[in-house]
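One structure is given here, and the rest of the page talks about it.
The values are calculated or read from the model by the stated rules, or taken from the named source; none is laboratory data. Keep in mind it's a predicted model, so treat the numbers as computed, not measured. Note that each Cβ is placed from the backbone with ideal geometry, even for glycine, and that neighbours are counted across all protein chains shown. These accessible areas exclude ligands, DNA and RNA; they are computed on the full protein's heavy atoms, side chains included. Shrake-Rupley method; radii C 1.70, N 1.55, O 1.52, S 1.80 Å.
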Amino acid sequence: MFGRHFELNEQTMTFIEELGRHMPGGFFIYKAEGDEELIYVNDAVISLFGCDDLEDFKAHTGNTFRGMLHPDDYAAVSDSVNDQIRMSSEGMDHVIYRIIRKDGTVRWIDDYGHYTKSDNFGGIYYVFIVDVTGQYDPKERNDLKEQLISEKVRSEQKDKMITALASDYRSVYHIDLDRDEGVCYQPDPEDKDQTAVGMRFPYLKRFKWYAEHSVDVRYREGFLKFIDPDNIRKELAEKQLIAFRYLVHRNGKDYYEMIRMAGVRHAADREDHIVHAVGLGFSDIDTEMRDQMAKSQALREALVAAQEANRAKTAFLSSMSHEIRTPMNAIIGLNNLALQNEALDADTRQYLEKIGASALHLLDLINDILDMSRIESGNMILKNEAFSLRDIFRQINDMVAAQCENKGLNYAGSIIGEVPDNYIGDEIKLKEVLINILSNAIKFTDAPGNVDLIVERTAVFEDQSTLKFTVKDTGIGMDSSFLPKVFDTFAQEYNGRTNKYGSTGLGMAITKNIVETMNGTISVESEKNVGTVFTVIIPLRTCEKPVERKGSESASKITGLDGKRILLAEDVIINAEIMKKMLESKGASIDHAENGRQALDMFSSSDSWYYDAVLMDIRMPEMDGLEATERIRALDRSDAGKVPIIALTANAFDEDVQRSLQAGMNAHLSKPVEPGKLYQTIGELIL
């Protein structure tokens, strides 16, 4: 009826008055904002209130809609009207309330209203009312009165609850997305540009203005996207609450703020599954954000410090490994050389053999401690290389069978069912896992006893296989109370064996860490004085290309190195002497360089193919072995890129091996060097 362009002037007022005069009931128009000022009332309304004329009516009601209603009914009626208008697509409402006439009598009014917008007055209501007092008997009127009172109480409770819930917000708004209209419910006392409570305003226009004038430019685009009605509907279709944090510049201050929105009704509760209106609140989160940013900065700094500490730990472990292995190489090497003396008396030989066994055991303990430290610092690296499972199986069987035979134990190793031979993974780590478990089984099993290794494939999918390794023994077993601790660091069940054999209690912890790093599992079952069963399950990728099988007789084929000239780069004189004696005993001729630079000079000044191989220490003064190797490989001569260069070093970690290979070396041997391994490696490369 009265649309957006409704305008009060002489012509329209004449029309309104003529229309109102012929209406059977009361008709009035009032502003939706502010004090709800009346724009027009017809004579029927004035008569209904028992007033003499318009001026008398204005004096009685204050010329406002609020002044027309019974004071006890206004809150409930106002809430009902607002709720109905929000829910109605037509902007219609219907309420019943009381009025107080000029003579003090109370009448019941039936009210039908319609909300619309106008260019001149903003939101307006035009209302039709009828006196329905006679339609209610006293009981009904009392019931309706009680209903209004109850609605008023509920309204007050709702207002209190909203106030309590809104205490976390600087300001609160109701936004009608369909009408692009906002209403302020809780104002910001520090905002001079704040829209007054109850006043309606264009939502997007006002909030875009806020973005341009207050939101930091770095956050502005995100803010504008967040407040876009289409984005709001999309986000609230899946979430009950959405929020955006940003920096603002207001009143000469910079602080962080958060805007949060929730649907007045959840999308899932509506037939069209679309949010049409939202509750919106602004919160000051400056303290929270700055605390969070400070904590994030502290975490970043802590991460950097941890990474630096980790690097320092790795460097320390590498250095410790080198420093410990260097004298161990001398002890074990000199002991081996001494045992080669056939003139030794029986007692001296026995002493030397015990020294050698103790030195090897000490080396095992050192390796365990260093390995566990590296695992805990996250520096264990797995290789992904093709390997033959049957090669590993054969090597383990040869070693374990010999150990079991020496102790009087029966050993059986078997592969059950169809198990492919070739896989991609870390051959050395897999072998370490199985040897650790088998060594424990041998250690804690007395003769006559049994140790068994069983391999089987339990699952296959495309190129992935799941292998199950079972190690059984008939040893002393473990108490059930100790089983949950068997994989803990330094865990040992005291039974007299630990003192007899010596142990760090790290073997099973290292084994478990390796298995889990390989995405596998390890479990144990044991019964005291019956035996123990370890089960390892590891997924491996099958390799289609056949892997070249390693010959078991490589070392035995090397009977001598007669006529072979080897350049040995070693800065520790005693280690150089040991290596020279070991190689000379096989007929090789040795030239010794005390550092990498001297080794480079000796090689570059020699004739091509003068040297059959180079044994290169890594840590040396003046020039290390890695740089010396790179420079040798870069020489412009026929043998520079082909001569075998073997790392012979106390640097024994996986990344040390990688660095050696990347520098151009052909192999990497860790000190203390096993003579058989040394001869085998040289033989494979030069013979």
- Considering only residues of the range 47-83 that are touching a helix residue (DSSP H, G or I) at 6+ places or on another chain (Cβ under 6 Å) and among the acidic types (D, E), which is surrounded by the most Cβ atoms within 10 Å (Cβ to Cβ)? D73
- Any idea which of (1) open to solvent by 80 Å² or more (accessible area, probe 1.4 Å); (2) without any contact (Cβ under 8 Å) to a residue 40 or more places away in the chain; (3) more than 31 Å from the chain's Cα centre (by Cα) is the one N251 doesn't satisfy? (2)
- All-but-one check, K383 against (1) among the basic types (K, R); (2) outside any helix (DSSP H, G or I); (3) more than 37 Å from the chain's Cα centre (by Cα), failing number (3)
- Message: Any residue in the range 188-200 that is over 15 Å from Y210 (Cα atoms) sitting within a Cβ distance under 6 Å of a residue that is assigned to a loop (DSSP other than H, G, I, E, B) and not hydroxyl-bearing (S, T, Y)? List the pairs, counting only those 6 or more apart or interchain.
- Response: V197/P187; M199/E33; R200/E33
- Filter result for the condition that a residue is within 28 Å of I227 (Cα to Cα), at pLDDT 60 or above and of a type in the set (D, E, K, R), over D93, D131, D168, D111: D168
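For the range 454-478, how many residues are in a loop (DSSP other than H, G, I, E, B) and crowded, with 19+ Cβ neighbours inside 10 Å?
At the first step, the residues of the range 454-478 found to be in a loop (DSSP other than H, G, I, E, B) are 462-463, 474-478.
From what's left, crowded, with 19+ Cβ neighbours inside 10 Å: 474-478.
Looking only at that region, the number is 5.
Does D216 meet the test of being in contact with a Leu (Cβ under 8 Å, 6 or more places away or on another chain) and under 25 Å from V81 (Cα atoms)? Let's see the steps before the verdict.
Working: in contact with a Leu (Cβ under 8 Å, 6 or more places away or on another chain): yes; under 25 Å from V81 (Cα atoms): no.
Spelling it out, it is not the case that D216 is in contact with a Leu (Cβ under 8 Å, 6 or more places away or on another chain) and under 25 Å from V81 (Cα atoms).
To keep it simple, each residue is scored yes or no on (1) farther than 24 Å from I332 by Cα; (2) at pLDDT below 70; (3) out of contact with any helix residue (DSSP H, G or I) (no Cβ under 7 Å at 6 or more places or on another chain); (4) not hydrophobic (A, V, I, L, M, F, W, C).
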| residue | (1), (2), (3), (4) |
| --- | --- |
| F487 | yes, no, no, no |
| E493 | yes, yes, yes, yes |
| G496 | yes, yes, yes, yes |
| K500 | no, yes, yes, yes |
| G520 | yes, no, yes, yes |
| E548 | yes, yes, yes, yes |
| R565 | yes, no, yes, yes |
| I578 | no, no, no, no |
- Query: If only one of P484, P448 is without any contact (Cβ under 8 Å) to a residue 24 or more places away in the chain, open to solvent by 40 Å² or more (accessible area, probe 1.4 Å) and not polar (S, T, N, Q), which one is it?
  - Reply: P484
- Residues (β-branched (V, I, T) and open to solvent by less than 50 Å² (accessible area, probe 1.4 Å)) located in the range 380-414: I392, I396, V400
- Query: Exactly one of (1) at pLDDT below 90; (2) open to solvent by less than 10 Å² (accessible area, probe 1.4 Å); (3) assigned to a loop (DSSP other than H, G, I, E, B) is unmet by V673. Its number?
  - Reply: (2)
- Task: Identify all residues within the range 69-105 that are more than 30 Å from H276 (Cβ to Cβ) and without any contact (Cβ under 8 Å) to a residue 40 or more places away in the chain; write none if there are none.
- Result: H70, P71, I100, G104
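Here's a check for you: in the range 583-607, which residue that is part of a loop (DSSP other than H, G, I, E, B) and not charged (D, E, K, R) is most open to solvent (accessible area, probe 1.4 Å)? Give the derivation first.
Taking the range 583-607 as the starting set, the residues that turn out to be part of a loop (DSSP other than H, G, I, E, B) are 585-588, 594-595, 605-607.
Within this subset, residues satisfying the condition of being not charged (D, E, K, R) are 585, 587-588, 595, 605-606.
On the way: S585: 70, G587: 31, A588: 10, N595: 17, S605: 94, S606: 22 Å².
Only one residue fits best here, namely S605.
Of the residues in the range 596-650, how many are basic (K, R), over 17 Å from N575 (Cα atoms) and either in contact (Cβ under 8 Å) with a residue 12 or more places away in the chain or touching a Pro at 6+ places or on another chain (Cβ under 6 Å) (or both)?
First, pick out the residues of the range 596-650 that are basic (K, R): 597, 619, 631, 633, 637, 642.
The next check asks that each one be over 17 Å from N575 (Cα atoms); those that pass are 597, 631, 633, 637, 642.
Then drop every residue that is not either in contact (Cβ under 8 Å) with a residue 12 or more places away in the chain or touching a Pro at 6+ places or on another chain (Cβ under 6 Å) (or both), which leaves 597, 631, 633, 637.
Looking only at that region, the number is 4.
Quick check on this structure: which one of K472, K443 is within 41 Å of the chain's Cα centre (by Cα), within 23 Å of I510 (Cα to Cα) and among the basic types (K, R)? Walk me through how you get there before you give the answer.
Working: K443 fails: within 41 Å of the chain's Cα centre (by Cα).
So the residue among K472, K443 that is within 41 Å of the chain's Cα centre (by Cα), within 23 Å of I510 (Cα to Cα) and among the basic types (K, R) is K472.
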- Tell me which residues, restricted to the range 270-305, are under 29 Å from S171 (Cβ atoms) and among the charged types (D, E, K, R). R270, D284, D286, E288, R290, D291, K295
- Item | Residues within the range 201-230 that are open to solvent by less than 40 Å² (accessible area, probe 1.4 Å), in contact with a helix residue (DSSP H, G or I) (Cβ under 6 Å, 6 or more places away or on another chain) and either more than 15 Å from G279 (Cβ to Cβ) or touching a residue at least 60 places away in the same chain (Cβ under 8 Å) (or both), tallied | 3
- Scanning the range 416-434 residue by residue, the ones that are open to solvent by 50 Å² or more (accessible area, probe 1.4 Å) and either in contact with a strand residue (DSSP E or B) (Cβ under 8 Å, 6 or more places away or on another chain) or not in a helix (DSSP H, G or I) (or both) total 3
- Answer from K407, K383, K443 - the residue that is under 22 Å from V536 (Cβ atoms), of a type in the set (K, R) and modelled with pLDDT of 85 or more: K443
- Task: Can you confirm whether the range 363-371 contains a residue that is in a loop (DSSP other than H, G, I, E, B) and either touching a Ser or Thr at 6+ places or on another chain (Cβ under 6 Å) or modelled with pLDDT of 90 or more (or both)?
- Result: no
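Quick one: is D188 modelled with pLDDT of 90 or more, farther than 30 Å from R107 by Cα and open to solvent by less than 40 Å² (accessible area, probe 1.4 Å)? Lay out the reasoning, then the answer.
Working: modelled with pLDDT of 90 or more: no; farther than 30 Å from R107 by Cα: yes; open to solvent by less than 40 Å² (accessible area, probe 1.4 Å): yes.
In short, no.
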- Message: Here is a check on your reading of the model: is L685 open to solvent by less than 40 Å² (accessible area, probe 1.4 Å) and assigned to a helix (DSSP H, G or I)?
- Response: no
- Message: Only one of D79, D83 is assigned to a helix (DSSP H, G or I), touching an Asp or Glu at 6+ places or on another chain (Cβ under 8 Å) and charged (D, E, K, R). Can you tell me which?
- Response: D79
- Members of the range 415-466 found to be of a type in the set (D, E, K, R) and in contact with a Ser or Thr (Cβ under 6 Å, 6 or more places away or on another chain), listed by number: D421, R457, D463
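Pull up the range 178-217, narrow it to residues that are aliphatic (A, V, I, L, M) and in a strand (DSSP E or B), then point me to the one that is farthest from the chain's Cα centre (by Cα). Please lay out each step first, then the result.
Looking only at the range 178-217, we keep the residues that are aliphatic (A, V, I, L, M), and these are 183, 196-197, 199, 204, 211, 215, 217.
With the extra rule that they be in a strand (DSSP E or B), the set shrinks to 183, 197, 215.
Details: V183: 42, V197: 45, V215: 31 Å.
Once the filter is applied, the top-ranked residue is V197.
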